[in-house]
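Asks: Quick one: structure below, then a few questions.
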Amino acid sequence: MAANRRSTLTTAPVMTMETPTSTTPPSWPVLSAQERRVLGVLVEKAQTTKDAGPLSMNSLVTGCNQKSNRDPVMNLNDAQAEEALVSAQQKGLTVRIIGSGRVERWKHSLYEAWHVSKPELAILAELLLRGAQTEGELRARASRMEPIADLETLRGILRSLAERKLIVYLTPEGKRGTTLTHGFHPPEEIEHLRRQHGARFNADESGAAPAAPAAETGSRTPPAESDLDELHAQIAITHSDRGTSQCGQRFAKHGRQPGAASQYDQAGSGPVRDCPKRGQDS
């Protein structure tokens, strides 16, 4: 009887990456959309829920399908979530725990598999949960799991992740609105994202005022400009949580002066008609 009450730990060998040389960064296995979601949820709940332990299937599926802090919103069932968990387990990324009553619970093993710090894992979890994001959006969102003091701190962490191919820049690094994603997409998906975000970035660049020479600014992004980018990102995130994400995102992208957001619709090509006015948000 005592033996039956003891928890049984089921695990898989830790994922091994391709053996790197001194000049070749590691290569990571592709993760499906479902694998990305379950891993992101396992990290998020472990980081943000007090006394959180391994998650039951019910708790995990609820976290996968919640509408806030997710992009895209999914509707996974238990079988789909378990399939993703087992696939991730075979890659050394998750651990199944069978406790009393034979109830299965799951936790991630990403610290060991990816050799990352807590701030690095918070950043990767946000990218797994939401996909491609700007630096300002990413700092504000990842800070709910682990504090990241400012954009310069974030960029230092991102450089380390990029060197290990855990993240991929989709637009030129170090510029306003730089967009990045995690390094677990298939190659064709990365190319699609680069074309998609690159086109938007180039369109914004062509309509933006010329940047000041580096000799005058002393850096590629002046501090005040970085602060402004981060403020706009936080405004967009606040609007997203209140159900007005598209309006907030257009403001974050184009609202450099008061009232500028009203010049753009949700696709960025016409006037906003449906954005709630100040004081009318639900």
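Just so it is clear, none of the values below were taken in a lab; they were calculated from the coordinates. Note that this is a predicted model, so its numbers are computed, not measured. So basically every Cβ, Gly included, is an ideal-geometry build from the backbone, and we count neighbours across all protein chains shown.
Asks: Anything over 25 Å Cα to Cα? Flag those among Lys45/Lys67; Lys50/Lys91; Lys50/Lys118; Lys107/Lys175; Lys91/Lys118; Lys50/Lys165, in the order listed.
Replies: Violating the 25 Å limit, Cα to Cα: Lys50/Lys91; Lys107/Lys175; Lys50/Lys165.
Asks: While we're looking at this one, here's another question. On the Cα set of the range 79-155, report Rg and Dmax in Å, please.
Replies: Values for the range 79-155 (Cα only, Rg and Dmax): 15.2, 49 Å.
Asks: Translational diffusion coefficient, Stokes-Einstein: compute it for the range 124-179 using the Kirkwood radius over C-alpha pairs as Rh, at 20 °C and 1.002 mPa s, and state it as an integer in µm² s⁻¹.
Replies: Stokes-Einstein gives a translational diffusion coefficient of 189 µm²/s.
Asks: Note down the net charge around Val86, summing +1 for each Lys or Arg and -1 for each Asp or Glu among other residues with Cβ under 13 Å from its Cβ.
Replies: Here the charged neighbours net out to -3.
Asks: Here's a follow-up. Under 12 Å from the 7 Å Cα→Cβ point of Val30, by amide nitrogen: which residues of the range 74-96?
Replies: Answer for this model: none.
Asks: Once R0 is set to 25 Å, what does the formula 1/(1 + (r/R0)^6) return for the Cβ-Cβ distance between Glu188 and Arg144, expressed as a FRET efficiency to the nearest 0.05?
Replies: Computed FRET efficiency for Glu188 and Arg144 comes out at 0.20.
Asks: Calculate the FRET efficiency for Arg200 and Val103 from the Cβ-Cβ distance with a Förster distance of 51 Å, rounded to the nearest 0.05.
Replies: For Arg200 and Val103, the calculated efficiency is 0.65.
Asks: Starting from the 7 Å offset along Cα-to-Cβ, what nm value, one decimal, do you get for the label separation of Thr49 and Asp78?
Replies: Taking the two extended label points, one gets 1.7 nm.
Asks: May I pose another question? Suppose we take every Cα in the range 31-119 and form the convex hull; what volume per residue is that in Å³?
Replies: Measuring per residue, one finds 105 Å³ for the Cα hull of the range 31-119.
Asks: I'd like the trypsin sites (Lys or Arg not before Pro) in the range 21-128 restricted to DSSP loop residues with at most 14 other Cβ atoms within 10 Å, sorted by number.
Replies: Filter output for the range 21-128: Lys50, Lys67.
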